[in-house]
1. Just to check your reading of the model, which residue among Glu27, Glu17 is of a type in the set (Asp, Glu), on the phi < 0 side of the Ramachandran plot and touching a Gly at 6+ places or on another chain (Cβ under 9 Å)?
2. From the list Lys188, Lys162, Lys136, pick out the single residue that is out of contact with any Lys or Arg (no Cβ under 9 Å at 6 or more places or on another chain) and either free of Cβ contacts under 8 Å to residues at least 60 places away in the same chain or within 30 Å of Lys242 (Cα to Cα) (or both).
3. In this structure, is Glu313 out of contact with any helix residue (DSSP H, G or I) (no Cβ under 9 Å at 6 or more places or on another chain), in a helix (DSSP H, G or I) and surrounded by fewer than 18 Cβ atoms within 10 Å (Cβ to Cβ)?
4. Quick check, is Glu308 touching a residue at least 24 places away in the same chain (Cβ under 8 Å), closer than 20 Å to Ser40 by Cα and touching a strand residue (DSSP E or B) at 6+ places or on another chain (Cβ under 9 Å)?
5. With a cut-off of at least 2 residues that are over 22 Å from the mean Cα position of the chain (by Cα) and surrounded by 18 or more Cβ atoms within 10 Å (Cβ to Cβ), name the strands (runs of 3 or more DSSP E) lying wholly within segment 1-81.
6. How many of the residues making up segment 91-110 are over 20 Å from the mean Cα position of the chain (by Cα) and either surrounded by 20 or more Cβ atoms within 10 Å (Cβ to Cβ) or at pLDDT below 95 (or both)?
7. Considering only segment 260-281, how many residues are of a type in the set (Ser, Thr, Tyr) and closer than 14 Å to Val236 by Cα?
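The values are calculated or read from the model by the stated rules, or taken from the named source; none is laboratory data. Just so it is clear, the model here is predicted, and its values are computed rather than measured. A quick note on method: Cβ atoms are made from the backbone with ideal geometry, for glycine too, and the neighbour counts reach across all protein chains shown.
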Amino acid sequence: MKAAILREYKQPLQIEETETPTPGPDEVLIKIEACGVCHSDLHIAEGDWTHLLRIIKRPLIPGHEVVGRVVQIGEAVNNLQIGDRVGVAWTHWTCGECELCKEGHENLCSSQSITGATVDGGYAELMKAKASHALKVPDALSSEEAAPLFCAGVTVYHAIKKSGIKPGQRLAVFGVGGLGHLAVQIAKCFGARVIAIDIADDKLEFARRLGADITINAATDVAKQIRRLGGAHVAVVTSAAKAAYDAAFYAVRSSGTLMVVGMPAEDLSFPAIMMREISIMSSATGTREDVREVLELAAAGKVKCQVETRPLEQVNDVFDEMRRAKITGRVVLKM
């Protein structure tokens with residue numbers, strides 16, 4: 001099969017012919033139709049996350065926003081059939097037995113394997129996946145539309161859900177990119193009054209079309225403008241820029257919540273927060289139930305990912321565009 005392979009950090013992925021994987025008893029083999037390109041893939045390829053993900057497989061096939069058809073099933077699989085269209089997310093497998101899994105936090109399972117990081121992912125014509133974690137995709141969604149929901153979609157959905165936002169409250173989205181444009185739509189599904197912040201005017205116009213109630217250019221005094229509105233009950237930072245976190249911190253009202261979603265390259269620090277009773281919470285992807293809920297919203301037409309499709313051979317070009325922040329929405333590789 002053909003695949004894009006990471007052999008050395010900070011080097012272009014190599015498009016190669018490699019061996020087709022063989023599924024185990026509890027696994028399925030998927031013929032991939034679409035795989036989204038996530039900024040996490042670029043971080044992994046650059047070697048930025050070796051301190052976070054202790055066992056990054058190499059050589060590695062990246063990619064964790066995968067949708068395709070089941071073409072082979074293991075002997076112990078009884079929940080899927082050949083021909084089913086399924087998706088595979090960042091969380092490749094979880095144990096189901098640890099304390100966190102039993103408490104409903106399977107996305108934090110300490111024994112989990114990670115698609116496109118600790119096991120091979122979806123930048124390929126075929127991949128194997130655990131049948132327990134390959135989720136069926138609604139017929140109403142194309143494979144290209146569905147693929148980014150398995151990371152970008154579920155990540156911001158989980159963050160907004162976890163924030164406890166209530167209808168009518170103000171939610172600020174910092175960064176209208178691959179995650180941010182979905183966050184705007186998902187926040188509207190929760191009934192929030194959405195404020196979208198970005199440095200690019202075309203992305204702010206995009207956010208307005210998606211339903212943002214207010215848009216603010218990040219080159220202005222964002223925090224001051226949001227405080228004039230009463231402050232944000234919740235700020236969701238999808239940008240990796242430290243400046244976005246600095247602005248979000250001061251934009252959040254007393255008793256509000258700052259959700260850490262985008263992963264900056266440098267450490268974050270916040271001034272004393274006890275006098276304002278601000279909560280600072282992180283969000284790590286989401287659970288299988290979160291994925292199902294996002295897919296249902298998208299199938300109902302309430303959330304739509306803007307996608308641009310490219311052939312697998314152009315993956316290095318896509319990475320270059322990511323480095324230069326030239327991508328609006330999500331790029332999806334078609335096999």
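1. Glu27
2. Going through Lys188, Lys162, Lys136 in turn, just one is out of contact with any Lys or Arg (no Cβ under 9 Å at 6 or more places or on another chain) and either free of Cβ contacts under 8 Å to residues at least 60 places away in the same chain or within 30 Å of Lys242 (Cα to Cα) (or both): Lys162.
3. yes
4. Judged against the criteria, Glu308 is a match.
5. By residue number, 27-36, 66-73.
6. Summing the residues that are over 20 Å from the mean Cα position of the chain (by Cα) and either surrounded by 20 or more Cβ atoms within 10 Å (Cβ to Cβ) or at pLDDT below 95 (or both) in segment 91-110 gives 0.
7. Final tally of qualifying residues: 1.
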